[in-house]
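Data block below; observations after.
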Amino acid sequence: MRQTKYRTRRAILSAATTAAIVGTAGCTGQNEDTGVAEDELNQAADYIERNGVLLDEFEEAVSVSTSETSPNFEYTTFEQNIGQASRHVENAQDAAPDAYGEDIDFFRSVLDYQVEIGEANSLVEDYLNCLDTMDAMISADRWEDATDQHDDCIDTLHDIESQTEASVNALDVIDRSDLSQSLEFEYNATENELALVQSELPPIFDFHDGMQLLLEGTTQMMDSIDDFEDDNTGAAKRGLARAEGDFADAESIYDQLEDNPDLSDDLRPDVIEMKCFVSAFEDASGHWYNAIEAYENRNESRYMNELDAVDAALQRCG
């Protein structure tokens, strides 16, 4: 049986960093304590911007990744940067709580956001690795293992959905009243990115629904072939009929996805490809069913013709 390679252009959870501004001390005079506080906030800002670079690098890596080059999010470094920035913010609080109170609150809200978006990006890395593991299982014809792995990928995708919502909520807490024009633009861009991710997640879940049916149908089809080889033709035909139904249901899902306005341009080619596969597998299972009937009726000519049709169907999508 021809192997099917599950490929997906990765769902990108991108988020530009929301950089912090070190405010002036207003009408308060500069003294040793405020000088220390300003220095601490400047150091905190440096760590926050380092995390912005890590987020941007991961987004870029995801956008060009393939199943052979999975992107890596430097989550440990990201968390360490948050820890260092938080320490500097607390030092500023201790040195001059009155002079920099609003700035300190701002920094804390930005760090709270980075905690959430960092976890979200870490989950995206887990999701991509999960898909790669499933790819390898499919390539090895380990269909049952791939189905179990697919369940894990769906669980991680649900976690991404929840963590994206947490990131949106944390972003909303950041006080925008004193942002510069450039940072206001950056904030809005981040807000729009997260909204886009949220709108694109439902089609991705639908895509996986179709994938689940493909995996289940393929497992059933392979088991049916084993039944046929054991001369249990009745069980083989029942299994193939169920498999054909799974593939037809999957094709219906991909048909609807093609017309979904929220389907991303990145995912659309994969939907078209998967639609081709499930349609081919549907035809193949039907021809296998017919071949078994021909075998039962000792019609060798029809049996061979149906097997040729199985091969043609499985080779249809390249």
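The values are calculated or read from the model by the stated rules, or taken from the named source; none is laboratory data. This is a predicted model, so every value here is computed, not measured. Note: ideal-geometry Cβ built from the backbone for every residue, glycine included; neighbour counts use all protein chains shown.
Search the stretch 225-237 for residues being touching a residue at least 12 places away in the same chain (Cβ under 8 Å) and touching an Asp or Glu at 6+ places or on another chain (Cβ under 9 Å), and hand back the single one that is surrounded by the fewest Cβ atoms within 10 Å (Cβ to Cβ).
That would be 233.
Could you list, in sequence order, the residues of the stretch 125-148 that are without any contact (Cβ under 8 Å) to a residue 24 or more places away in the chain and in a helix (DSSP H, G or I)?
Passing the criteria: 133, 136, 137, 145, 148.
Determine which member of the set 95, 140 is crowded, with 17+ Cβ neighbours inside 10 Å and either basic (Lys, Arg) or touching a helix residue (DSSP H, G or I) at 6+ places or on another chain (Cβ under 9 Å) (or both).
After applying the criteria, what remains is 95.
List the number of the failed condition for residue 189; all other conditions in (1) crowded, with 19+ Cβ neighbours inside 10 Å; (2) over 25 Å from residue 252 (Cβ atoms) hold.
If we test residue 189 against (1) crowded, with 19+ Cβ neighbours inside 10 Å; (2) over 25 Å from residue 252 (Cβ atoms), just (1) comes out false.
Quick one: residue 172 ticks every box in (1) surrounded by fewer than 19 Cβ atoms within 10 Å (Cβ to Cβ); (2) assigned to a helix (DSSP H, G or I); (3) not assigned by TED's automatic domain parsing to the domain that holds residue 116 bar one, so which box is it?
Unmet for residue 172, out of (1) surrounded by fewer than 19 Cβ atoms within 10 Å (Cβ to Cβ); (2) assigned to a helix (DSSP H, G or I); (3) not assigned by TED's automatic domain parsing to the domain that holds residue 116: (3).
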